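Heads up, the thing below is written out as structure tokens.
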Amino acid sequence: MALTPRLDLRQSQQLVMTPQLQQAIKLLQLNNIELAEYVDTELEQNPLLEREDPESDAATPERGEDEGQAEPEVAPAGLEDVDIVVSKDQGPADETALDIDYENTWTNDSHADAVAPGGAESPAFAEWGSRGGGGFDGGEYDLEQTLSQTETLRDYLITQLNMEIGDAAQRMIGLHLIDMLDEAGYMADGLEGVAEMLDCSLGEVEVTLERIQHFDPPGIFARDLKECLALQLRELNRLDPAMTALLENLDLLAKRELRALIRICGVDKEDLVDMVNEIRMLDPKPALSFDHTISQPITPDVFMRPKPRGGWIVELNNDTLPRVLVNNHYHAMVSKTARSKTDKQYINECFQSANWLIRSLHQRATTILKVATELVRQQDAFFAKGVQHLKPLVLRDIADAIEMHESTVSRVTSNKYIATPRGIFELKYFFTPAIASSAGGEAHSAEAVRHRIKALINEEAADAVLSDDKIVTILRAKGVDIARRTVAKYRESMGIGSSVRRRREKSVQI
């Protein structure tokens, strides 16, 4: 073979991740709340994007009752009609940038803010604004003055520190100890570091710690669980020698070793039961009572409800979807006034970016609705009869049904929630591995098997605790081919102890 330079032509195909494709993939992974934040950012950066005027809703054609909705009994069809309306007050669009029949408005149901009669220009409105938001003192109105504040644990402890301790050195030590508390109210580090930092003796730190351990809430500034419970019992005047011995052997109490505890504490069974009940009334994490963290509710991306004549209606949560459109009139106006090449290029990029955002929003809504509808159709037995009838499902089953790639289905179902008559579920919940049937029939869902195991354990009697082998025998008799180690794995994942531990707990009711 001659080693000479030459030119060859080769033809190949490869996927190029264009910025538009990257944007579509990114939007597909966002839930509705994250999508609204992303669109707000685009509205700030792109002058050709704007929110749709709610007054244009009157020009929106009315939809039928079942338009854009699908029943699980039939294959999804016509899902492209996802609350998309055509803007009628915009100028002509550039047909070279988008298809002629593309609809560039993303809508949801929002309402205009209420305005006082007469509008913002009315004399009454102007007089109200000049008075500082309706006040009678004529002073400047500050919204922050109306905000409520909750007292933190640190503020609460500092107030007690200033009232109970007068020595300046001990106050300084107390402030450092307060800053060392963790979220449960325990001392996070040792006292040696405080003594070294403040250049004082370890004895002074220990004396200060002993004083502030009397602060409210009881049990604060403890170094471990035993000391926390002891501090609370001391406030109740119940820290006697028998209770102290019980606190020294909390590990035996967790194992339900009652005979050993009776011998160590020197009490009878009735007294031990009373002591354990007193410990149960204590707070092992005293600082959590000052936890004012507001839990964020889950906002569903898809709604599902039953139809009067059977079947299900699946629809998007339009209340959380942003309403944006491309201002074609403004684009035509600035395009005529642009002179330099840089200005024209900037305007063209903004116009293409805005159109691609609208198209990506439309494609995202259509894809989510397709996937959710197919999930409802596949899991119809679950919604009708309960978790025992949850069907084993993988991403490929949904992808093949709606003719999409598995990665697309994975992105759609991540961090997306559906509100159903049985509660709010993440779309990922409906994908569970399959467990074969012992009779050779239809496979069982792992979540349904896990639910059966929990039900069997909840119904067991104190004198007939089921071992893992016994649970395997029962499940195989019901057609579930499962191994003992799988039963143990499911049991541990649900926080259920072994048969030995459950037998000990049920035989001794404390």
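Spin-label point model (7 Å from Cα, Cβ direction): what's the Lys470 to Leu7 distance in nm?
8.4 nm
If you plug each phi of segment 361-368 into the Karplus form 6.51 cos²θ - 1.76 cosθ + 1.60 with θ = phi - 60°, what whole-Hz ³J(HN,Hα) values come out, in order, with x for Gly and Pro?
For segment 361-368, the Karplus curve yields 5, 5, 5, 4, 4, 5, 5, 4 Hz.
With +1 on the Cβ of every Lys and Arg and -1 on the Cβ of every Asp and Glu, and nothing else charged, how large is the dipole of segment 405-510 about its Cα centre, in debye rounded to the nearest 20?
Roughly 240 debye, rounded to the nearest 20.
Gain in length, Leu236 to Ile158, computed as 0.36 nm per residue apart minus the alpha-carbon separation, to one decimal in nm?
On the way: separation 78, 0.36 × 78 = 28.08 nm, distance 2.37 nm.
Taking 0.36 nm per residue and subtracting the Cα distance, the gain is 25.7 nm.
When the dipole is taken about the Cα centre of segment 225-291, and only Lys, Arg (+1) and Asp, Glu (-1) are charged at their Cβ, what size is it in debye, to the nearest 20?
Working: 10 positive and 13 negative charges, 46 e Å.
Dipole size: approximately 220 debye.
Enumerate the lysines that Lys478 could reach by cross-link, defined here as Cα to Cα under 25 Å, with residues fewer than 8 away along the same chain left out.
Those lysines meeting the cut-off are Lys385, Lys391, Lys454, Lys470, Lys489.
If I model a spin label at Ser437 and Ala188 as a point 7 Å from the Cα along the Cα→Cβ vector, what separation in nanometres do I get?
Result: 5.6 nm between the two label points.
List the GluC sites (Glu not before Pro) within segment 357-428 that fall in a DSSP loop (any state other than H, G, I, E or B) and whose Cβ has at most 14 other Cβ atoms within 10 Å.
Of the GluC sites (Glu not before Pro), the ones in loops of segment 357-428 whose Cβ has at most 14 other Cβ atoms within 10 Å are Glu403.
Readers should treat all values here as calculations from the given coordinates under stated rules, not as data from a laboratory. As the structure is a prediction and not an experimental result, all values here were calculated from the model. Counting neighbours? That spans all protein chains shown, and the Cβs are built from the backbone with ideal geometry, glycine included.
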